[in-house]
Structure formats: structure tokens, C-alpha cells
1. Just want the answer: with Cβ charges of +1 for Lys and Arg and -1 for Asp and Glu, which residue in Asn209, Pro135, Ile149 is farthest toward the dipole's positive end in the range 120-253?
2. Can you give me the distance in nm between label points at Ser84 and Leu157, each placed 7 Å from the Cα along the Cα-to-Cβ direction?
3. Which value, in debye to the nearest 20, describes the size of the charge dipole of the chain about its Cα centre when Lys and Arg Cβ atoms bear +1, Asp and Glu Cβ atoms bear -1, and nothing else is charged?
4. All other residues with a Cβ under 14 Å from the Cβ of Glu124 taken together, and with Lys, Arg as +1 and Asp, Glu as -1, what is their net charge?
5. Once phi is turned into θ = phi - 60°, what whole-Hz ³J(HN,Hα) does the Karplus curve with 6.51, -1.76 and 1.60 give for every residue of the range 144-157, x standing for Gly and Pro?
6. If the chain between Arg168 and Arg122 were fully stretched, how many nm would it gain, using 0.36 nm times the residue separation less the Cα-Cα distance?
7. Per residue of the range 6-17, in order, report the coupling 6.51 cos²θ - 1.76 cosθ + 1.60 (Karplus, θ = phi - 60°) as ³J(HN,Hα) in whole Hz, putting x for Gly and Pro.
8. Write down the percent of antiparallel bridges among all DSSP beta bridges whose residues are both part of the chain, to the nearest 5.
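Any read-out appearing in this document is the output of simple, stated calculations on the displayed coordinates, not a laboratory observation. As the structure is a computational prediction, the values presented were derived from the model and not from experiment. Reconstructed Cβ throughout: ideal geometry from the backbone, glycine too, with neighbour counts over all protein chains shown.
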Amino acid sequence: MKILFFTGKGGVGKSTLSAAMAWQLSQQYRVLIVSLDPAHNLGDIFNMRLKDKKTRFTDSLYLKEIDLKQLTKAYLKKEIDVLSTSYRYLQVLNLDNYFSVLQYSPGIEEYALLTGIENTIRDEKDFDFIVFDTPPTGLTLRFLALPKITIHWIERLITIRQQILKKRYTIHRIRGPLSNSETVLDYDEQSDRVLTRLHDLHQTYEELNKKLQGPDTAISVVFNPDRLSLKESARLIDGLKDLQLPLRLLLDNKVTDENIKMAEEVEGCMKSMVHGIPLERVPLAKGIFDERTSTLYHIEKDITRHLR
Ligand SMILES: Nc1ncnc2c1ncn2[C@@H]1O[C@H](COP(=O)(O)OP(=O)(O)O)[C@@H](O)[C@H]1O
Ligand SMILES: [Mg+2]
């Protein structure tokens, strides 16, 4: 299964080109397209009302819009449940009360999005391609960075937890056997729930990171023939390099006879930033963007050849 991400500045055509890519690939493969942008327009592009559950468009193309609010809630609920089982004494604290505030914590939206991606990759193995239409650059880079950041944190937490367990063991040895009424805190690594949970999380994020950096993931950067979109693409490319994520295609979208000179200039700059990455030019289509016929996902040019 291959995973495709479309990134770029707002309005450059990420949703349009990810829809076009999904449609073109679905002529030959089984494809699921998922919108991660809180401001969804996938449904408008395919002229269908979409829900959080995947919806059939054709036998080989399914569509889904991720409900970020619901996902955030589910994510927080799960974490709160895990906390309450790992730290049983926390049950006296009613964590549900914090829920309404916690959902606005920095980073929660990014974790929720990442969970959405992770769940989709895990549950939808029947598809040959999963195409993710992403939100604007900042949020996208932040959630793509999360697995790596999380791995660093978890490794640190594992060390701290191991030190705690060692101290507990020392105390246990000094005190000697306890009477039945006393609570013994876990001190060996195998039976400690917190450590087990940390190891599980570590494994999950390692796998996800490996998947995102691996040969079956392809990130496309979409831009337009203008300087603002060039600047934003440069930031994106730097971010992807830092995170060692695989940029595989550049898409110069909305090219016309009038802006062709600028298109060449911008493409030249993009190519000098990344060597050997293929570039496709997509013309600005006129006339086909008709609401009644709704073929917004139809573009004439085959943009799939570098990502098959
Ligand atoms: N190749 C194209 N030709 C004509 N219009 C386009 C093309 N690509 C995108 N558009 C239009 O540009 C607008 C923004 O596109 P969209 O895909 O929603 O951008 P993004 O998802 O990057 O915010 C939409 O109105 C879309 O119909
Ligand atoms: Mg969009």
C-alpha cells in the first residue's frame, strides 16, 4: 500500500490535485482519498456529502473527510482512560472535568490528526493507495514532525521510569516483607504498567515514523507560478529535509500562457532546491469547473506516472 500526501500553501490546489490524483489512480488501482484539512472541500469537489466514515464514489475510489473535533475528543478520551488505568490513584481526580479545556491544548490537534492517519493506515490495508489531502503548511509540518519528537520524549521518559523503579526496588529491599494491608508499588520492569505503555508507544511511533520515511510514502509539494507560493514551498522543502521525509514530486499548478515566464522562473528555483525530484506542470483549466457537471477532479494531464 502506498501513501501519498499533498502539501503546499492554502489555495494552490492541494485538494484539487489530490482529488485528480486519486481519480486517475482509481482507473487502475483501489484508492482511498482522505481529507485532513479542517476546512474540508473534498465533498464539494466530488459533489457528495461526506461523513467521517468512508463513502463509495466508484468501485475503486472511496472518499473520507476526517472529523478533527471528534478525533480530538476520541484521542483525549483514550489518553485519559489510559492514565486512569495506569495511575489508579488518579481516579479520585475527575479528569473528565479537564476535558473541555484540554482539547484546546497546544499540540492536541496535531496528535489527533496523526492518530487519524495512523488509524487509516492500519485499518485500510485493502487499498493500493491512500491519498491524504493536508491542511496548510504549518499544521502539516507539525503533525509530520510528531512521531520523531514523540520518540525522543518517550525514550527520555523510559529512562526516568526505569530510575523510579530502581529506587522503588531499593526501598523494597531495605524495608523487607510487607504486611498484607500495605500496598506494594511495582518495582520490576516486566509488571510495571507505565513502562509497558511507554514501550508500546515507542514501538507504535517507531513504526509510524519508519512508514512515513519509507519507500511507500510520497510527499508532493504543490505550488503556483508566484513568489509567495515559492517562498512557502521553500519552507516546506526545508522542513521535509529536516524531518527526513520523502519529497517525491513537485507540482506547478495553474500555469497559463500569461504566467508561463514566472512559472519557468519559479520552477528553476524549486529545482535548484531539490535535485532530481520530478516536476509536473498543470495548466489552469478553464470551463471544466462547472458545479452542475462537477468534474472538479478531472484534469487532462496524467499526474500519476511518478508515483505509481
Ligand atoms: N488546475 C486548476 N485549474 C483551475 N482551477 C484550479 C486548478 N487547481 C485549483 N483550482 C482552483 O483553485 C481553488 C483552490 O484550489 P484547492 O484545491 O481548494 O486549493 P487548496 O486545497 O490548496 O487550498 C479552487 O477554486 C480550485 O477549483
Ligand atoms: Mg484544500
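1. Value: Ile149.
2. The modelled label-to-label distance comes out at 1.9 nm.
3. On the way: 44 positive and 42 negative charges, 139 e Å.
About 660 debye.
4. +3
5. So the J values, rounded to whole Hz, are 6, 7, 4, x, 5, 4, 4, 4, 4, 4, 5, 4, 5, 5.
6. Separation in residues times 0.36 nm, less the Cα-Cα distance, equals 12.8 nm.
7. 10, 10, x, 5, x, x, 6, x, 4, 5, 4, 6
8. So the antiparallel bridges in the chain amount to around 10 percent.
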